[in-house]
Amino acid sequence: MDAPKKVDKRPPPAEKAIVKYTDKQLEAFLDSVGHLQQQPLADRVAFGVDSTFNNFTKPMNRVVPAAEFDQLKKAIKARMIAPKLARAIFGEFSGDSTCNANGLLDSVKKGYVHLSYFPFDKLRQFAVRVSDAEHCNGSDLYFFRDNKIIAKQDGYNRYFDDDIKYYPAGDGNTIVYRMIEFNRGSGIWWNQYFFYKYDGDQLMPVLTIPENINLLQPSPWGLRELWFETKIKRTTPLTIKMVYHQTLPDTHEPGDFDSVSNSHRPMIVNDSTIVKYSWNEQTKTLQPSFTGTKVNQAQILSYYLNDNELLTINAFYSKYQKMMLNKKKRPYLLNYLNTVKNYSH
């Protein structure tokens, strides 16, 4: 028989009291964060998204025999496939909470299921989904090079549509991109673009950027009200318009929805810019050129909806210095710095 567990009679730990720092202490805090090395801060903020991005594609090496590949081509034209043939080509299907294995193979016609086809380069580089987003939103996407399945990805999209977009990379290969959801709610969402490139028998991660991020403030979720949206203007070279803004929090308690309206809170930034991306053969990625633009990578990361306040202060340090000299904006900035300093130690 186990010994009786001891009951912990100690009172629960008290919540940490909010410290009200002096103006000089907050000015010193701003300067100290503004002079931190930026790359370690940026790497920490980007880590979660980059980890998902780099591991989102599951490599495969499955050759489809010629006879079955001919049947697959016929199924692609008909937009439906027999379950027996689907299992022979792709293996067993596990499905997910939106569509289990039995649901995945429900009939669209007696003995057949939906088949979605994405002709990146006809039947040389293409993808298929057994079923489709409307009938089985959790079914996987399978990426082909000729008659070989080289990779698969989770096909889930909250909008119940097949969202794969693509364009020629210029070297005989295809770049594929999709919108991946990281967060959503009332007054909050975060969608990220994932770009991948065919390279031999691989589908390589080459770029991730925000598609649209929104956070309303005042709110329980964060300090700053912010918006970031990208629009792909052209693909050769990849040219993206970015529209963005951020405001400082008001001088009331976080979550006080009756406090000062958005129009009275100072803007940190409110602008748009164009960024071009080019292929870097050494790193095998699409690299941005921020020369002549109004934004940099650290500032883009300041819109991620995670713990990024120190990076934000560092990335907008020069703007905060000017705000500190403005009598109207100074109280808002001091309030923001006081909150960050309390929760960063």
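The values are calculated or read from the model by the stated rules, or taken from the named source; none is laboratory data. Predicted model only: the values in this text are computed from it and were never measured. When we count neighbours, we look across all protein chains shown, and the Cβ atoms used for this are built from the backbone with ideal geometry, even at glycine. With ligands, DNA and RNA removed, areas are computed over all heavy atoms of the protein, side chains included. Shrake-Rupley method; radii C 1.70, N 1.55, O 1.52, S 1.80 Å.
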In region 53-80, what count of residues is obtained for those that are open to solvent by less than 60 Å² (accessible area, probe 1.4 Å) and outside any loop (DSSP other than H, G, I, E, B)? 9
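Does at least one position in region 137-145 carry a residue that is in a strand (DSSP E or B), over 24 Å from the mean Cα position of the chain (by Cα) and at pLDDT 70 or above? Spell out the reasoning first.
First, pick out the residues of region 137-145 that are in a strand (DSSP E or B): 141-145.
Pick out the ones that are also over 24 Å from the mean Cα position of the chain (by Cα) and you get 144-145.
Now drop any that are not at pLDDT 70 or above, which leaves 144-145.
For region 137-145, residues in a strand (DSSP E or B), over 24 Å from the mean Cα position of the chain (by Cα) and at pLDDT 70 or above: present.
Counting only residues that are of a type in the set (A, V, I, L, M) and closer than 28 Å to Ile268 by Cβ, give me the strands (runs of 3 or more DSSP E) lying completely in region 168-225 with at least 3 of them. Steps first, answer last, please.
Details: elements: 174-185, 188-199, 202-215.
Because the criterion is at least 3 residues that are of a type in the set (A, V, I, L, M) and closer than 28 Å to Ile268 by Cβ, the strands (runs of 3 or more DSSP E) in region 168-225 that meet it are 202-215.
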Please go through region 310-345 and pick out each residue that is in contact (Cβ under 8 Å) with a residue 60 or more places away in the chain, loosely packed, with under 15 Cβ neighbours inside 10 Å and in contact with a Leu (Cβ under 8 Å, 6 or more places away or on another chain). Gln321
So which residues in region 290-300 are open to solvent by less than 60 Å² (accessible area, probe 1.4 Å) and without any contact (Cβ under 8 Å) to a residue 60 or more places away in the chain? Phe290, Thr293, Val295, Asn296, Gln299
Pick from region 219-238 the residues that are within 18 Å of Met179 (Cβ to Cβ) and among the polar types (S, T, N, Q): which of them is surrounded by the fewest Cβ atoms within 10 Å (Cβ to Cβ)? Thr235
Just to be sure before I move on: is Ile149 closer than 23 Å to Lys77 by Cβ, in a strand (DSSP E or B) and modelled with pLDDT of 90 or more in the structure I sent? yes
Counting only residues that are under 14 Å from Leu226 (Cβ atoms), give me the helices (runs of 4 or more DSSP H) lying completely in region 290-330 with at least 2 of them. 297-301, 309-315
The condition from (1) at pLDDT 95 or above; (2) out of contact with any Asp or Glu (no Cβ under 9 Å at 6 or more places or on another chain) that Arg44 misses is numbered (2)
Could you say whether any residue in region 167-175 is open to solvent by 40 Å² or more (accessible area, probe 1.4 Å) and polar (S, T, N, Q)? no
